[in-house]
1. Hey, got the Cα dimensions of the range A:145-223 along the principal axes, in Å, largest first?
2. For q values of 0.17 Å⁻¹, compute log₁₀ I(q)/I(0) with the Debye formula on a Cα-only model of the range A:288-353, without solvent.
3. Enumerate the lysines that A:LYS212 could reach by cross-link, defined here as Cα to Cα under 24 Å, with residues fewer than 8 away along the same chain left out.
4. Taking Cα pairs under 8 Å and at least six residues apart, what relative contact order does chain A come out at, in percent?
5. What does the convex hull of the alpha-carbon atoms of chain A project to on average, in nm²?
6. Relative contact order, percent, of the range A:151-274 when contacts are C-alpha pairs under 8 Å separated by at least 6 residues?
7. State the extension gain, in nm to one decimal, for the chain segment bounded by A:LEU133 and A:ALA285, taking 0.36 nm per residue of separation less the distance between their alpha-carbons.
8. With a Förster radius of 45 Å, plug the Cβ-Cβ distance of A:ILE142 and A:ASN59 into 1/(1 + (r/R0)^6) and report the FRET value to the nearest 0.05.
Amino acid sequence: MNFIEELKWRGLVKDVTDYDGLIEALKQPQTVYCGFDPTADSLHVGHLQQIILLRRYQNAGHRPIALCGGFTGMIGDPRLTSERKLLSHEDVLHNADCIKNQLAKFLKFDGENAAVMENNNNWLGDMSLLDYLREYGKLFNIAYMLQKDTIKKRLDSGLSYTEFSYTILQAMDFLKLYQKYGCRIEIGGSDQWGNLTSGMELIRKVEGDDAKAWGITSPLITKSDGTKFGKSEGKNIWLDPERTNAYEFYQFWLNIPDDDIIDYLKRLSLHTPEEINTLEESMRAAPEKREAQKVLADELTEMVHGREGLEKAKKITETFFHGDIMSLTPDEMKDGLADAEKTAVSDGITLIDALVSANIAKSKGEARRLIQQGSVSANGAKITDIEAVLKKSEAVNEEFTILKKGKKNYYLLTF
RNA sequence: GGAGACGUAGCAAAGUGGCUAAAUGCGGCAGACUGUAAAUCUGCUCCCUAUGGGUUCGGUGGUUCGAAACCACCCGUCUCCA
């Protein structure tokens, strides 16, 4: 299996501009880029596929460039649905800073094929309007651009000139990286196809017909139940440890349905195809062991949260689901629940009021129901008395009480 | 501009004078089972100081002992014609 064949096996190839040419080119070390726009102050799990794909190229001996769209982020990539809201200048700068640090975690910055971090603001930022229009705008035919899927689909619902220009800007990125680093391959999600081909087109026009460049897209990750990938209970799973802690991140992967886990392993894990095949067998033979889920959760959590983060996530998991919380020392409890929601309450508060004020229940009625249904426990003991009162003297260390709603929702009350 | 239809709980959709805090489905929450799964089954799902009370059916007024339901006006959505 050559490199591209493996990517195909992993489900990471949707369209390639010149398949045979690319295979030939990849026999030599190449430079590959993928762009990430700073639309939020953190990347999320949906970005992992492309990031790890860059890493795959690096592991195969190629040089990856992670491009942060500091300039294009100010413009906005046209979405299928509707115009984006412009982000403020400060927000984009802040976001760009944040995602740059995140991207850096996944690539190696030393050795022969050390990764490169770039920001398209470096070349687009100082460009004059005149240069843009005369040197680049001239090379884009409107009729050609209107054929692009992303643009065509927006003609009815409305598309501003600003977003219309996005494709041109991204094409210029590819050209610039081609000139500066000899970058000849751009990768992206399948929605980026139009942008990739524009870039190649531009390179050909500027550098001549001999200039070779390739674009390769990968299918977006889907879920077998049809819902959007990357969310857990409505919350995005971010790569920023401040926004999604190691435990939640670990749990997200551990809870991937059997139907999806092998697909995700192929796409996101650096484990070899042989190892993944073995995991698939194990999944079929003993799905309850969730070995495949554990391998992926371990690998990705370590990548994003480090060795320590992974250890912590596993320890909390072990205790919450298989052990007795009360067997931990108060310090360990606090550590384990460091990221749980905390609420300060007063001594002698009724359980019902505590549930409401900690936002565990929306109303007292709901709180009452939860208690009567037997879904609330405090410090490990189930409580079914709706008159129950929480006392400081009964709290752990006379300091805090751990409330649990349902099977896996923990909250911390401090006195 | 002309003709008509519609607006009910998170969403979809019944209900056309009292039996309606409002059927049913989805979604959500919880319980059982389980693998922290899926499927399935069960309960709950406006608020409260709770065998009771309060406030709801686009808005405002009105008819009536009594209105989500009838009337008037207003606001909003949609369809058809021009």
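A short reminder: the numbers here are calculations on the coordinates, not readings from a lab. Note that the structure is predicted; figures quoted are calculated from it, not measured. Using ideal geometry, Cβ is built from the backbone for each residue, glycine included, and neighbour counts are taken over all protein chains shown.
1. 38, 34, 18
2. These q points yield log10 I(q)/I(0) values of -0.76.
3. Leaving aside lysines fewer than 8 places away in the same chain, those within reach of A:LYS212 are A:LYS8, A:LYS14, A:LYS27, A:LYS138, A:LYS148, A:LYS176, A:LYS180.
4. Values: 600 pairs, mean separation 59.4, N = 415.
Relative contact order, chain A: 14 percent.
5. Details: hull surface 95.7 nm².
With every direction weighted equally, the projected area is 23.9 nm².
6. On the way: 94 pairs, mean separation 21.9, N = 124.
In percent, rounded to a whole number, it is 18.
7. Numbers: separation 152, 0.36 × 152 = 54.72 nm, distance 6.17 nm.
So the extension gain works out to 48.6 nm.
8. Details: r = 41 Å, r/R0 = 0.92.
Plugging the Cβ-Cβ distance into 1/(1 + (r/R0)^6) gives 0.60.
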